[in-house]
Structure formats: structure tokens, C-alpha cells
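Here's the structure, in C-alpha cells; my notes come after.
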There are 6 protein chains.
Amino acid sequence: MNELTHVDSDGRARMIDVGGKEVTQRVATAGGTLVTTAEVVDLLLRDALKKADALATARIAGIAGAKRTSDLIPLCHPLPLDSVSIDLVPAGDSVTITATASTSGRTGVEMEALTAVTIAGLTLHDMVKAVDPAATLTDVRLLEKTGGKRGHWTREN
Amino acid sequence: MNELTHVDSDGRARMIDVGGKEVTQRVATAGGTLVTTAEVVDLLLRDALKKADALATARIAGIAGAKRTSDLIPLCHPLPLDSVSIDLVPAGDSVTITATASTSGRTGVEMEALTAVTIAGLTLHDMVKAVDPAATLTDVRLLEKTGGKRGHWTREN
Amino acid sequence: MNELTHVDSDGRARMIDVGGKEVTQRVATAGGTLVTTAEVVDLLLRDALKKADALATARIAGIAGAKRTSDLIPLCHPLPLDSVSIDLVPAGDSVTITATASTSGRTGVEMEALTAVTIAGLTLHDMVKAVDPAATLTDVRLLEKTGGKRGHWTREN
Amino acid sequence: MNELTHVDSDGRARMIDVGGKEVTQRVATAGGTLVTTAEVVDLLLRDALKKADALATARIAGIAGAKRTSDLIPLCHPLPLDSVSIDLVPAGDSVTITATASTSGRTGVEMEALTAVTIAGLTLHDMVKAVDPAATLTDVRLLEKTGGKRGHWTREN
Amino acid sequence: MNELTHVDSDGRARMIDVGGKEVTQRVATAGGTLVTTAEVVDLLLRDALKKADALATARIAGIAGAKRTSDLIPLCHPLPLDSVSIDLVPAGDSVTITATASTSGRTGVEMEALTAVTIAGLTLHDMVKAVDPAATLTDVRLLEKTGGKRGHWTREN
Amino acid sequence: MNELTHVDSDGRARMIDVGGKEVTQRVATAGGTLVTTAEVVDLLLRDALKKADALATARIAGIAGAKRTSDLIPLCHPLPLDSVSIDLVPAGDSVTITATASTSGRTGVEMEALTAVTIAGLTLHDMVKAVDPAATLTDVRLLEKTGGKRGHWTREN
């Protein structure tokens, strides 16, 4: 493929037509990392220990964010999500974020999984920014996807 | 500071009270990078050459995203944004994203600048994913902020 | 059933997977009551007599609210609603609210019907609060549902 | 007062003009109860014991809902919320919900507090409905408010 | 003035900075017309006669739409609206729509008044399209505005 | 047809039931015109020449607006859009706007195409209003539609 799919031959943005694509089960998993300090990760872990809401808030925000993907990304198609889950692992000086989304639709859910990771990451950022304004959200990327014409794709590294 | 500000002493999430904080002019700048391939950056640059919409779409999405920050980040305060601007620089194998937001409000606009960078980055991701599903949004971080009780902060590295 | 369905075995919130469920016609009806004073109900009835908008505003808000259910309830699936209707009956010192929603989908519309009742009730509350700040929205509950694996359910009392 | 404030003399809905009202600090507290079964409350408490997300999800949803009040209630003014907090107390066969919202604005935050209670209640409903479809959200009402021309108001019973 | 204000000197879209502008009372009135057939206007009038919701629905949608202006128009600033009102006059073969919005803010409410007219017009269109698919929304324009640096402006024709 | 479809026999607004309608491919095209001055059109064309964002902003806003149609028009059904495209032609003293939307759904996409035209038009209005506050959005109308029970419809003039 040697063209951007979201602009027409004159370079005009458009929402491409997926009407002719098949409705199949599609799943995507994306990951990312919020790099902060060991002290902040410790605060998050202690918070989790006392049954507190910090990680839950990021999880809920990520799930809600996934449902708004087509409202945030202008050329993204609206999709009826079948499921979204988010996994947050605080360890060392960072929190690893993984999100999986699935749908029965005409186009993939990569953007939904990536949006879930991103909004969860921004929500963590918001919660730690008073203690660590330098926290960095990094490595937001697709890990794997299945379904659709091109089938299974797994990230190589 | 040794506590997470967004949870109370029992660890319950809440939107902290900014009612006693002063209304001041506040500005924040954030940055990030979408790492893709030199071939994709070339497509974006050629698209730009033919006056096309790819970069404009990401800019518009980032600005619109900044205005929805408090709707996306559960514990973030709604803020009347005075300005938002986004700069996208495609070069080598990546697109550098910088966003600046400002307000006259009781709390800072860090999250608005970070959200602008992130949504612009996800929109670029959406546009290049058919050619490069492995594209990665990375280094989303605060670069500088002014205003508020703590005054000026600049990222050290 | 002896587990909460919306948290996994570790207690983490997630949007459960409905991908394997059948698409069937599903209908739900919910009810609720705004208890205010006979004087306020009289104002609403006189308003209705002069063809005014008070009850229409609550109806429209309830219908629009039903369409935003999955945006308001974090773990709720987005559903393509086939219909929503709302019935408001002012009598005595209260307004009885009934809402029915239907879809052709993989999961039920209980939350849509309950959200419609609730937002209609809050809108009535907003309209009468200057005259009756003590108004109470009460008895918001599911009355009946059909469709899906478990079939027909009717409230017993 | 013997008129509905949200309709004009011809009964037409409008967003009334608050431009002449003073900007003051305004606080409102509202309450409500989700009545379910002792078994379900036990599930929620055990979930809380294993540090799970059920109550956190309802808290986050209530806070996010408060920020969307003017988007949900047609004639409600947009307000820059200074704080929102939600308290959930599961006991016996029900969960008691209390929400407090504050602003520095030209009109009160009653509807924001009531919306927070309601959306938190609906989110609990969503989480328990598979085990208790008969759960009822009840007694959603204003408890107290301060600020504005009419000053302090406390519910009598 | 010989430049577009919403693009910078390189032609890049941005939300211009209004931080240095004064907070003043600003009012704008916009108008528009839905042209349909005399038969449809008659249906609307008869509907109004039986106290029905057609015109109320358009009024409510227009008011709600005005509150979402900055969410719909990418470079528009969020504004705390003080009031919105909409007037609908069905007569002959058309419905005349007039909307007035006001704020105490740093920038004008022209777009809010225009959005109110437009969304009210589209809502009428939606309601009459089964009987008159050829209905046309026309003459959506600013009629008058006050406040801000440039003061009072009235449409000449 | 001699009745408004969106109100019941008592004149109450409701979202009519489309559950019994067939899922078919449906397409609609709508048009409209922003009338401004030759000088402003010249600014837009020069902006386009220097690869700037003015027209792209309107296109993106129109596409994003189409996806929010059911959120803006109270009685409109949510639809999974398969595609949206917008064409803007600046010439003489005006910009001609054409939008096409398609879906595989139970009801037509007329409102989505009309909303796309309208939001694109309002966005242009926003961008030119500092130079031409008198700009007028006019002739917003359906041009053609296909699919559904009534089949093909083309505007006669």
C-alpha cells in the first residue's frame, strides 16, 4: 500500500466507505507505559493496598474513552463495542497499560484499544502530576489484532 | 508532597476543591512523537505538498480533544480555554507534536495540553495505520507550564 | 448467580464480552415518580393546558438521555436503539414517569429505559426546583423486559 | 412564587437569563438510595474487601455525570464545577449515596449534585442488575444548599 | 481586516487567544427559515393546537445545541452561556426561527445563536421529512450582536 | 401521508420504532451554500493555495458533526455510519457545500448528510465572521437518497 487511506485522490479527508466490508468478529490489543518515579509507583501501590480508587479511576476512564473513539478521532467509524478490558501493572518506576477491545463490525478496533490505553494513561498522569509533573506516557502501540480481511497481525518486537 | 491529591484520606476518588484557588492566567505546553517509518512520513509530506488534509485533521482533532479534556479525564476540572494551538513537524521517521493551551482559571491546563498532543497523535495513528500498523505514540509529556501557585516549571531534559 | 458480572475474578471493572450473545429484539420498560406538591403539579397541568413546554422538555430530555446511556454508565454497551417513548402522568402531588426502549442487539435495554426515566425526572426536578426544592425522584425501577436468553421478566410488585 | 421559571409567559421553554446574578460560592448536597437485597450488598462489600472496582466505578461515573449536567438537562446552565465528591455506604439491603458539588458561579449546583447521585445510582443498578433486576433507586433529593440570593436551605426531613 | 483570524500566518488552524480580551456582557441574535409546504405548516399548527410536542422538540434541541457549540465548531471557544431562547413562528409555507444567546465572557456568542437556529431547523426538518423531504433550511444568519470591542452590530437587510 | 411521524396520536414526541424495518444500504446527499463576499472567498482560495487549514477544518467538522447527528436531533435514531464525505467549492461570493453519508441500517441517513452540511457551513461561518459578520448559510436541503422502503428520491429542482 502506498497511499494514505483517509484522504481521497485530491488529498481531502473523508470517512472511507466500509459498507462493502464483511461483519466479522474483530479483536485488538494495545499497550503503553506511564513512566513516573519509583516513589509515585509506591504511592499507587499503597493506594491499591488500602483499596483505593487510583487505578480503578484509570481503568474506568480508559473503558469510557474507548466508547468515545469515533467521537475523538475524526475519520474513525462508529463501532458497537462487544467488550473492553484494561490491565494496569504498576512496577518499578512505571505503570504498564494493556487494553483489549472487540466488536462484531465492518472495521477493526485498533483505534478503540489505542484510545483506551491513552485515556487510561492520561488519567494516571492527571493523578500523579502533583507529585511528578515530569511523568511520561510512552510506547502507545498496537500489540495484536485479529479479524477482518487481513487476518491476524502480531507486533514483532 | 507524599500523597496522591485525587483520592481522599480513605483512598476514594473525588474532584478536589479548587474553589479557594486564585483565577490566574495559566499556560502549558506538552509534546509527544508519533514514530512511524520514513516511507509514511514521506506520504504525509507529499500529502502536505498537494495541500491535503492529513496534518490538518490531526491538528483539528487535537484542538477539539483539548476542549473535551474534563469529559475524558474523570477527576479533571472543566476549564474555559482561552487558546489552543498544535504544531506538527514530520521529519525522518516520525512526526513531532507540540501543543500549547492557556486559560484564565483556578487550575492548570497541563491535562488540556497533554490531551491535545495525545488525540492529535492518535489521529495520525489512525491515518497511517493501514500503511504502518506498528506506528508508536511516544514521549507524551509536559514541557513547560506557567501560572498558579507554583509558578513556572520547565522540563529538565 | 452469586457474582457481580461487571468485575473480573480479581475484582477489576471491565465491559463484559457480549460478542457471543445472539442479536434479538429486546424491550424494557422502567418507571419512576417525581414527588412534589399538589400546587406544583397544578402548575404543570395549567402549563400543559396552555400548550406549554414543561412536560415536553422532560420527555425530550429523557429520550436524548436514553441515547447517551453507554456514555454515562461506564460498563454499559453501546446499543443501536430502535425506539424510545416516555409517558408522564401528573396527578395528585406527583408525576409518574414510564419509559420504554427497544433494540435489536446483543444485550438488553434495561439501562436505557432506566436512564430515560431518570433524566426525564431530573429535568422535571430542574423545572420545579424554584417552587419546590424538596421534590424527590423515587421508585426508579425496571417494570418489565423481554428478549435475550432469560426471556420475559415482569416486576412482581 | 407561583410560576414555573423555565417557561416564559407563553409557556415556551427557555434557558433563563442568569447574567444579572452575582458570582458567589455555591454548594449543594443531594442524596439517594439504591435498594437491592442483603445478598447483593454483601457481594458489594466482599468486592470492596478484595479491593475491587464496583463502588469506585459508581463514584467515578457520578463525578463524570455531574460534569455533564448541563448537557443532560436541557434548560440547565453550564457551570465551572470547583469540586464534586460522592459517598457510597452499603449497609443492610441498600447503598446510600450522597454527593456534594460546588462552584463559583451565577447559579446553584443543585442539579449537579442530583445528577451525580443519579448516575452513581444507575451505575450501581447496572452492576447489580444481573443478580437483582428488581433493584430500585429511590429518594433522590436535595439535602442542603448554600450560596446565591436565597442563601442556606436545609431539607426538613 | 484582510486575514482569516482562525489560521496563523502559515495557514495552520488554531483556537485564537482570547485571554487578553475583556469579560463583558455579550448578546447575539440569529435567524433562519425552514421552507416547507403550506400543508406541513398546517400540520405543525394543528399539532400545536392539540398541545403537542413538535415545536417544543425543536426549541429544546436548539437550546441544547447552543450549549454544544464549542464541541461542534472546532475553533470556537467554550463559553458559559447566561441564557438562550428560541422563537419559532410557523406561517404560510415556512417556519421562521430566531434565537438569542448571551454570556459574560471574553468572546462573542454569535456562533451559539447561529448553532441554536441551525439545530432547531434541522430538528424541524427531521420531523417533517416524511411528509416533505424537499424542505429547505435557509437564510441562517446573524441579525444583531452587542458587547465586546466592536460593540453593536445590526444586519442591514 | 398526512401526519407528523415523530409525535404519537396525542401529539407526544417519541423516537418511532424502526425495529421492524429492514437493514438495507442507504445513501443520502445534501447540499447548502455559505454566501459571503468575493473578498472572503478570495481569502479562502488564497488560504487553500498556501496549503492552509480553513477548508479542511470545515470538512473535518462536518464529518465529525455527521457522527453526532442522533445526539443533536432528539428524535433521530443512532446509526452506524459506513462513510461520510464532504465537498466544498468556493467560487464567486460563496462556498457550495455537498455531503454524502451512507449506512447499512434500518433507517435513512438524510439527517446525517444534512447535519454534515450544516456543521461544515457553521464552521466556515465561524472562520469568516470576523471579516464578514453578514455571511449567510442558505439552501440546506436534501439532494438525493437511495435505499429503504421508498427507494430512490431525487430533488426536482
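The values are calculated or read from the model by the stated rules, or taken from the named source; none is laboratory data. Here the structure is a predicted model, which means the values were calculated and not measured. Cβ: placed from backbone, ideal geometry, glycine included. Neighbour counts: every protein chain shown. Just so you know, the surface numbers come from the protein's heavy atoms only, side chains and all, with ligands and any DNA or RNA stripped out. Shrake-Rupley method; radii C 1.70, N 1.55, O 1.52, S 1.80 Å.
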With everything on Cα atoms, drop me the angle between helix B:110-128 and the longest principal axis of chain B, reported from 0 to 90° to the nearest 10.
20
From the square roots a ≥ b ≥ c of the eigenvalues of the alpha-carbon gyration tensor of the protein assembly as shown, which class results: rounded (a/c under 1.5), prolate (a/b over b/c), or oblate?
rounded
Relative contact order for chain A: what is it in percent, counting Cα pairs under 8 Å that are at least 6 residues apart?
35
Could you state the accessible area per residue of the protein assembly as shown in Å², with a 1.4 Å probe and every protein chain left in place?
34
C:Ala134 neighbourhood, Cβ < 13 Å, K/R = +1, D/E = -1, net charge -3
Give the average, rounded to an integer, of partner chain Cβ atoms located within 10 angstrom of each Cβ in E:133-145.
6
Just to confirm a number: summing +1 for Lys and Arg and -1 for Asp and Glu over residues other than E:Ala28 whose beta-carbon lies under 10 angstrom from that of E:Ala28, what do you get?
-1
Within the range D:24-146, what whole-number % of the accessible surface is contributed by carbon and sulfur, with the 1.4 Å probe and all protein chains included in the calculation?
53
Counting only other chains, what is the mean number of Cβ atoms within 10 angstrom of the Cβ of each residue in peptide E:12-25?
6
Restricting to DSSP H runs of at least four residues, report the calculated mean residue ellipticity at 222 nm for chain F, -39500 (n - 2.57) per run over all residues, nearest 500 deg cm²/dmol.
-9500 deg cm²/dmol
List the extent of the Cα atoms of chain A along each of their three principal axes, largest first, rounded to whole Å.
51, 31, 30
For the range F:112-157, which trypsin sites (Lys or Arg not before Pro) are both in a DSSP coil and crowded by at most 15 other Cβ atoms within 10 Å?
F:Lys149, F:Arg150, F:Arg155
Of F:Ala99, F:Ala13, F:Ala58, which is the most mobile in a GNM of chain F whose springs link Cα atoms less than 10 angstrom apart?
F:Ala13
What total accessible area, in Å², is buried where chains E and F meet, using a 1.4 Å probe and rounding to the nearest 100?
4800
Here the whole-number average of other chain Cβ atoms within 10 Å per Cβ of D:94-106 is 1
Could you please report the charge total around A:Val109, scoring K, R as +1 and D, E as -1 over all other residues with beta-carbon less than 14 angstrom from its beta-carbon?
+2
Would you mind putting C:30-40, E:77-87 in packing order, based on average other-beta-carbon counts within 10 Å, highest first?
E:77-87, C:30-40
